[in-house]
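Scroll down for the structure; my scribbles are underneath it.
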Amino acid sequence: MISRSILAAALSLLTVAALAQTATQPPAATPPGATPPAAAAPKVRSDITLAKFQKRREKAIMAADTDGDGKISLLEWEAFQAKRNIKGDAAKSFARIDSNHDGFIDRAELDAFFAKRFARLDKNGDGVLTADEMPGHKSAPKPEQ
């Protein structure tokens, strides 16, 4: 009677040990010359081109166009800046972007403004912004403290 209990317990322990080994085995090694599986590769943010830079920022800024006419008035800009808790003079920033001084910011003016900003950030002039070229950006490397 006792020997059957011991045998059942021993078999149970062997089964549990075998299952534990298969559950904790390291993943199979990648053969030389093969690319590692995507899950193992660290996720890297893609670099940002001028078109992508302009599109992202234009989308965010055009949210200020509350009346949907495709351009931003000074009143819309001031309300947008206040909603986002932006410090500084909204009229000055508006005037800087409103290059034709018609009292509105349109998509062409935004594209020109962001092209200048992109060119300033693109330190090596390759037409692509990398994380090290975007100080303060969430993907930029953090300086040593």
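Structural remarks
- Net length available on complete extension from R107 to T49 is 19.1 nm, with 0.36 nm assigned per residue and the Cα-Cα distance removed.
- Residues L129, L50, sorted by accessible area with the largest first, give L50, L129 [1.4 Å probe; ligands and nucleic acids excluded].
- Ranked by the mean number of other Cβ atoms within 10 Å of their residues, highest first, the peptides 95-102, 51-58, 81-88 come out as 51-58, 95-102, 81-88.
- Average accessible area per residue (Å²) across the range 68-122 - probe 1.4 Å, nucleic acids and ligands excluded: 62 Å²
- Here the gap between A131 and I97, fully extended at 0.36 nm per residue and compared with their Cα-Cα distance, gives a gain of 9.7 nm.
- By the rule of a C-alpha distance below 15 Å, with chain neighbours fewer than 8 residues away ignored, the aspartates and glutamates paired with K71 are E58, D98, D102, D106, E109, D111.
- Taken along the Cα-to-beta-carbon direction at a fixed 7 Å, the label points for K59 and A115 span 2.2 nm.
- Over 22 Å between alpha carbons, listed pairs K92/K123; K92/K116; K55/K123: K92/K123
- Segment D89..D69, full-extension length gain: 4.8 nm, with 0.36 nm per residue of separation and the alpha-carbon distance subtracted.
The values are calculated or read from the model by the stated rules, or taken from the named source; none is laboratory data. Since we're looking at a predicted model, the values are computed, not measured. Counting neighbours? That spans all protein chains shown, and the Cβs are built from the backbone with ideal geometry, glycine included. These accessible areas exclude ligands, DNA and RNA; they are computed on the full protein's heavy atoms, side chains included. Shrake-Rupley method; radii C 1.70, N 1.55, O 1.52, S 1.80 Å.
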